Amino acid sequence: MVAGKAASQNLLILRVSRMKVCRYKIQNWFLLAFLAVTVHLISHVQGQVAPPTRLRYNLVTHDSVQISWKAPKGKFTGFKLLVTPSSGGKTNQLTLQNSATKAIIQGLIPDQSYAVQIITYNKDQESKPAQGQFRIKDLERKKETSSKSKVKGTEDTGGSKPSPSTE
């Protein structure tokens, strides 16, 4: 009986060690698959183009707006600026050089809202768009409000900055 017990223990050890080998093979396979997917994703991400940031709108005239942005770091060919009336209609697209960080859009309708997208591109790759929207009437109100607060601020201080104390 002792010999039978020793044989079953050996058989148990053999089974456990086969499971470990099998487990190691599965773990190695998962590790290799994970590394392959990671390398693929990293190489894909490195080829992507970064989007522009800090999209801003400044009123120029009653029917024109200056759109500005911060260019991304890295190598890219240029920008695509798309302006679409929110009510539908034709999307106007401008293709700009990579050194551009602003554009003036003219012939806009003051009551109309416009959706803006700016996309960085490099050869056949494009970034995700930086996007926003504006309406000239809203920009006019904002400009009036900020100029009124500046005027109000200069009236309170007499138009000059306070002198530093000489004490």
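Take the residues of the range 122-156 that are basic (Lys, Arg) and assigned to a loop (DSSP other than H, G, I, E, B): which is modelled with the lowest pLDDT?
Here the answer is 123.
Looking for something at pLDDT 90 or above and among the aromatic types (Phe, Trp, Tyr) - is there at least one such residue anywhere in the range 30-39?
So far as the range 30-39 goes, no, none of its residues is at pLDDT 90 or above and among the aromatic types (Phe, Trp, Tyr).
The values are calculated or read from the model by the stated rules, or taken from the named source; none is laboratory data. These figures come from a predicted structure and were not determined experimentally.
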